[in-house]
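So the structure is just underneath, and the comments pick up after that.
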Amino acid sequence: MKTAIVFVNLGTPSQPTAKSVRKFLREFLSDRRVVEIPSPIWLAILYLFILPFRPKKVAEGYKQTFIKGHSPLRLYSEELVSGVNAQFKREMGSQAPSCRLAMTYGDGNISQVSDELIKEGAESILYVPLFPQYSATTTAAVLDKITAYYQGKRDICQWHWLRDYHQHPLYIEALAESLRSHWQEHGQAQQLLMSFHGIPQRNIDLGDPYFEQCTVTANLLAKSLELKSDQWQLSFQSRLGRAKWLQPYSIDSVTKLGQKKLAKLDVIAPAFAVDCLETLEEIQGELAEAFVDNGGGQLRYVPCLNASEQHQRLFVALCKPYLTLGGRV
């Protein structure tokens, strides 16, 4: 049985232009998994206040972060998947599954990639959302796209999906090793901030496990690094709108730490598999500026795991339980 693994990330504009960003945001922010405000109210906000104005500002951020004509999210995701594919080939030879990248929104989406794989003869597909912590806003949105794709098919192949990996030992160790390497080269800062992507508090109140899983990840990472409780903090970034989101907000945390006149602050973003606009522009830009403006010394961002060897090994380990010696998923 010919198998394939589809790694799924959120998505990205194809170009750093307001037009491309507007097209992406329209699809992304129209998903009921992402925004749960009643449709008439939200669509009015989206089309009257967000899409006419926000794309230009967001495009400016992308212009500063695009690499070799690609957004960092797409580039680093492709490098990661390519590395995992090479790892499987070295270990399994001709029995190795074919690894591909798909996006929840935008070009190269789940339907397009699944179609290509099935046309190439894939009989079994494992879908791996690149979101360590489960949330209905991200992981469940991936599942919606997968099931919608197969609803239109008569001959459905065997398929599985990976729900989350927020406490997998190799994930925690990969994060810890990235920090140890950073500290070995630059020295350890007085404080470590673990900045996770935020979601509305209402989502948690309705049963989303994201906050609990972020807390588990943060505590396991702190334990692995043997940090004392006063040496690290957890926070949430990327708030959109005026509703209450998960707290503490990262911008408030770095402001307070700056006011304490910390000479150095290390920031890591455990909810992101690869670097993207939210890490390269928001953390290294907005948060770093707020830290310094409020009396802090230097905010040092520790990059995401991206295509590191440890990250590749993590995904090989995560996927292997779904594979048999015969290459079945």
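Taken over the stretch 130-175, the residue count meeting the criterion of being touching a residue at least 40 places away in the same chain (Cβ under 8 Å), out of contact with any helix residue (DSSP H, G or I) (no Cβ under 8 Å at 6 or more places or on another chain) and of a type in the set (D, E, K, R) is 1.
Elements of the type helices (runs of 4 or more DSSP H) sitting completely within the stretch 129-218 and holding at least 2 residues that are under 28 Å from E27 (Cα atoms): these cover 139-151, 201-205. Mind listing whichever residues of the stretch 276-287 are over 27 Å from F7 (Cα atoms) and surrounded by fewer than 20 Cβ atoms within 10 Å (Cβ to Cβ)? Across the stretch 276-287, the qualifying residues are G285, E286. For the stretch 103-114, give me each residue that is open to solvent by 50 Å² or more (accessible area, probe 1.4 Å) and over 11 Å from T12 (Cβ atoms). Correct list: Q112 only. Out of all the residues in the stretch 261-275, which are open to solvent by 10 Å² or more (accessible area, probe 1.4 Å) and out of contact with any Cys (no Cβ under 7 Å at 6 or more places or on another chain)? Hits for the stretch 261-275 are K261, L262, A263, K264. Within the stretch 101-128, the set of residues being in a loop (DSSP other than H, G, I, E, B), out of contact with any strand residue (DSSP E or B) (no Cβ under 7 Å at 6 or more places or on another chain) and over 30 Å from T215 (Cα atoms) comprises G106, D107, E120, G121.
Mind telling me which of the residues C319, C276, C304 ends up being in contact with an Asp or Glu (Cβ under 6 Å, 6 or more places away or on another chain) and modelled with pLDDT of 95 or more? Result: C304 is the single residue among C319, C276, C304 that is in contact with an Asp or Glu (Cβ under 6 Å, 6 or more places away or on another chain) and modelled with pLDDT of 95 or more. Criterion applied to K119, K89, K57, K68 was being open to solvent by 40 Å² or more (accessible area, probe 1.4 Å) and within 19 Å of I283 (Cα to Cα), and the one residue passing it is K57.
Against the definition (surrounded by fewer than 17 Cβ atoms within 10 Å (Cβ to Cβ), in contact with a strand residue (DSSP E or B) (Cβ under 9 Å, 6 or more places away or on another chain) and part of a helix (DSSP H, G or I)), how does S77 come out, yes or no? Taking the combined requirement at face value, the residue does not satisfy it.
Working only within the stretch 176-214, note down all residues that are small (G, A, S), free of Cβ contacts under 8 Å to residues at least 60 places away in the same chain and open to solvent by less than 40 Å² (accessible area, probe 1.4 Å). Passing the criteria: A176, G198. Among residues of the stretch 254-274 that are under 16 Å from L234 (Cβ atoms), those with a beta-carbon under 7 Å from a residue that is crowded, with 24+ Cβ neighbours inside 10 Å and aromatic (F, W, Y) at least six positions away or on a different chain give the pairs V254/F291; L257/F291; L265/F291; P270/F196; A271/F196.
The values are calculated or read from the model by the stated rules, or taken from the named source; none is laboratory data. Since the model is a prediction, treat every value here as computed from it, not as a measurement. All Cβ positions, glycine included, derive from the backbone under ideal geometry; neighbour counts span all protein chains shown. Just so you know, the surface numbers come from the protein's heavy atoms only, side chains and all, with ligands and any DNA or RNA stripped out. Shrake-Rupley method; radii C 1.70, N 1.55, O 1.52, S 1.80 Å.
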